[in-house]
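A short worksheet on the structure shown next.
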Amino acid sequence: NGALLQERYRIIRLLARGGMGAVYEAEAVHLGNAPVAVKQTFYSEHQRTLRDQFEREAAMMARLRHPALPKVSDHFVEGGEQCLVMEYIPGADLFALLNQRKRPFDCAQVTAWAETLLDALEYIHTQQPQIIHRDIKPHNLKLTPQGDLFLIDFGLAKNANASTLSSASLHAYTLSYAPPEQINDAGTDPRSDLYSLGATLYHLLVGKPPVNAKVREEVVRYQAPDPLRPTHRLNPDIPPALSVLIARAMSLDREARYGSAAEMLQALRKGSRLIAPAMPEEPPHWRSQTREERGAQSQSQPSERAAKSSSVAPSREQY
């Protein structure tokens, strides 16, 4: 703490640290101590792939201008390590907030966040060259005290024109949110981000991550029903139409997903207009219970493996 980088950025505190780098809160002393975030990457002289990846991230982020994306303002080398200076986003990520709440987020709030994120995805997916985020998850969604949502951490993002990287560390992903093509190293495209967004929305609405794509593929391979349970079966406050949208976004077959973020956003907005305040069907014995009691009961449902034979995936034509 207190270190001065490039005689311009004073480090205040460590925000996050991982195997490939760290992020610090800092102040730009040459700009009246304006708050900034400094992302530093670790690599040896032999890890040129990591250095090239970081330089690509800096170049990509520097030209992006969207209300839900942090702005990059500087890039330099300090002590042999690459540093990226970007807009400091105060607040907590949605994963931390979900753990604090100990219950799912409100459906209307998640729908509003989904609109913001789909607009941001359509923006990066239509850049020239195209950008794929490849790491959408609650941990990378930051909510400011004013209620603004930001998509952060483009460390795994790739330029669609770039060749496939060989470093295993750059093929990292979080299993619960990764599409099968990313897990199987079969190449990613905009529909891969839509899968990850669908898995993220699932987690925010249900309160726990979905069954990961690797397990789902293994189950389906043996001609058993997909063990991914529809969100409205786990949280009766979720309209079935929204549950169908998420299920389609999370299709194992990427051809069955929405073709673009714009298409998914249009479907979300259309569905929001069609969804009336009427609640979806609930088991009769739940109707006299409070939401908290229903939530506790839903957490005690049988395991996904035991329940998979009775789960029915919604038809994509419904949404």
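At 0.36 nm per residue, minus the direct Cα-Cα distance, what do Leu97 and Asp237 gain on full extension? Give it in nm, one decimal, please.
48.4 nm
Check the straight Cα-Cα distances from Lys208 and name the aspartates and glutamates below 20 Å, setting aside those fewer than 8 residues away within the same chain. Candidates past the 8-residue exclusion: Asp93, Asp106, Asp135, Asp193, Glu217, Asp226, Asp237, Glu292, Glu293, Glu304. Determine the share of the stretch 219-262's accessible area contributed by carbon and sulfur atoms, expressed in whole percent, with a 1.4 angstrom probe. Roughly 50 percent, rounded to a whole number. Computed from the alpha carbon atoms alone, the convex hull of the stretch 35-115 holds 139 Å³ per residue.
Scanning residues 5 or more positions from Ala92 or on other chains, those with amide H under 5 Å from its amide H are Leu143, with H placed 1.01 Å from N in the peptide plane. With a Förster radius of 41 Å applied to the C-beta separation of Lys71 and Leu252, the computed FRET efficiency comes to 0.70.
Take 249-257, 59-67, 222-230, 192-200 and order them by the average number of nearby Cβ atoms within 10 Å per residue, most first; the result is 192-200, 249-257, 222-230, 59-67.
The H on the amide N of Ala16, modeled in the peptide plane, is under 5 Å from the matching H of Val23, each at least 5 residues off or on a different chain.
Applying a threshold of 27 Å to the alpha-carbon distances of Lys102/Lys142; Lys71/Lys102; Lys137/Lys214; Lys71/Lys214 flags Lys71/Lys102; Lys71/Lys214 as lying beyond it.
The values are calculated or read from the model by the stated rules, or taken from the named source; none is laboratory data. Here the structure is a predicted model, which means the values were calculated and not measured. Backbone-built Cβ (ideal geometry, glycine too); neighbour counts: all protein chains shown. To get the accessible areas, we keep the full protein, side chains included, count just its heavy atoms, and leave off ligands, DNA and RNA. Shrake-Rupley method; radii C 1.70, N 1.55, O 1.52, S 1.80 Å.
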